[in-house]
Amino acid sequence: MKTQLALPGDTTAAREVERVRLLREAVGPDIDLMCDINQRWSVNQAIDIGSRIEDVHLFWLEDVTAHDDYAGLARVADALVTPLAGGECLYGITPFRHMLEARSVDIVMIDLVRVGGIANWMKVAGMAEAFNVPVVSHVLPEIDVHLISAVPNGLTVEYMPWSFRLFEEVPVPVNGELSVPTKPGLGLAFDRDAIKRYSVAA
């Protein structure tokens, strides 16, 4: 399950801590709970608030500060027990090398579109494996389910069904798990009516 902190509006560190504690209480101890900060904390805020909520046992804290502040992220990762996830905002392959060399994250998030497609996604996953770091996907679960299952350090598919309406049939979770489609290729076929509905005249 995914939640957010650092939402727009008036907030304090105490309020942030209270919000995530209430959420953990509501879902119970057995649900994996991830928390996205959307790069809205400073490094010091991330260390301060992150240390206060370590007993909430988040599965990860995501994008706690600026995505390209590799040194700052490394300071946070070194200070906290909670794993840091990041990388979805990086474009191409090279920034991931900088991030991994700086030990900025504990979990690499790879956005298939921003990284430059399937070949580059696999290259980044291999790079992360060399650093003993797991990878997770971002945004396109109907494709990412293939990629996560194809690498030894694949951790989980982030399930956001935003693009599902474009396809006739997509993989859906059963008991919290996605099965890899067995049809040729990615196992996907465009819904022709949907393509017409969302098309824009040139």
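Since every read-out is calculated from the coordinates, none of them should be taken as a lab result. Please read these numbers as outputs of a predicted model, since none were measured by experiment. Ideal geometry is used to build each Cβ from the backbone, glycine not excepted, and the neighbour counts take in all protein chains shown.
Going by average Cβ density within 10 Å per residue, which order do the peptides 45-56, 28-39 take, highest to lowest?
45-56, 28-39
Enumerate the calculated ³J(HN,Hα) couplings along region 183-190 in order (Karplus 6.51 cos²θ - 1.76 cosθ + 1.60, θ = phi - 60°), each rounded to whole Hz, writing x wherever the residue is Gly or Pro.
So the Karplus estimates, Gly and Pro as x, are 6, x, x, 8, x, 10, 9, 5 Hz.
How much length is gained on full extension from A79 to R192, taking 0.36 nm per residue of separation minus their Cα-Cα distance?
Extending this stretch completely gives an extra 35.6 nm.
In degrees, nearest 10, range 0 to 90: what is the angle between the Cα axis of helix 70-79 and the longest Cα principal axis of the chain?
Between helix and principal axis, roughly 60 degrees.
Calculate the FRET efficiency for L166 and K2 from the Cβ-Cβ distance with a Förster distance of 22 Å, rounded to the nearest 0.05.
0.45
Note the angle between two axes, namely the Cα long axis of helix 13-27 and the longest principal axis of the Cα atoms of the chain, as a number of degrees from 0 to 90, rounded to the nearest 10.
Result, in degrees: 50.
GNM on the chain, C-alpha springs below 10 Å: top fluctuator among M99, M160, M122?
Looking only at M99, M160, M122, the biggest GNM fluctuation is shown by M160.
Have a look at the DSSP beta bridges in the chain and tell me what percent are antiparallel, nearest 5.
10 percent
Normalised radius of gyration for the chain, please: alpha carbon Rg relative to 2.2 N^0.38 Å, two decimal places.
So the Cα radius of gyration is 1.09 times the expected 2.2 N^0.38 Å.
Are there chymotrypsin sites (Phe, Trp or Tyr not before Pro) in region 38-115 that DSSP marks as loop and that have at most 13 other Cβ atoms within 10 Å, and which are they?
Y91
Would you mind checking which residues have amide H under 5 Å from T3's amide H? H placed 1.01 Å from N; only 5 or more apart, or other chain.
M34, C35, D36
In degrees from 0 to 90, rounded to the nearest 10, what is the angle of the helix 141-150 Cα long axis to the longest principal axis of the chain?
Approximately 80 degrees, to the nearest 10.
Can you grab the distance from the C-alpha centre of region 98-117 to the C-alpha centre of region 22-66, Å, no decimals?
Their Cα centres are 19 Å away from one another.
All other residues with a Cβ under 10 Å from the Cβ of V105 taken together, and with Lys, Arg as +1 and Asp, Glu as -1, what is their net charge?
Computed value for this residue: -2.
Given a Förster distance of 30 Å, report the FRET efficiency between S179 and A14 from their Cβ-Cβ distance, rounded to the nearest 0.05.
0.10
Taking amide H positions as placed in the peptide plane 1.01 Å from N, state which residues far from T65 in sequence (5 or more) or on other chains have amide H under 5 Å from it.
Those lying under 5 Å, H to H, from T65 are Q39.
List every residue whose amide H lies under 5 Å from the amide H of T156, counting only residues 5 or more places away in sequence or on a different chain, with H placed 1.01 Å from N in the peptide plane.
S137
Full-extension gain between Q39 and A26, please, as 0.36 nm times their residue separation minus the C-alpha to C-alpha distance.
So the chain would gain 2.1 nm between Q39 and A26.
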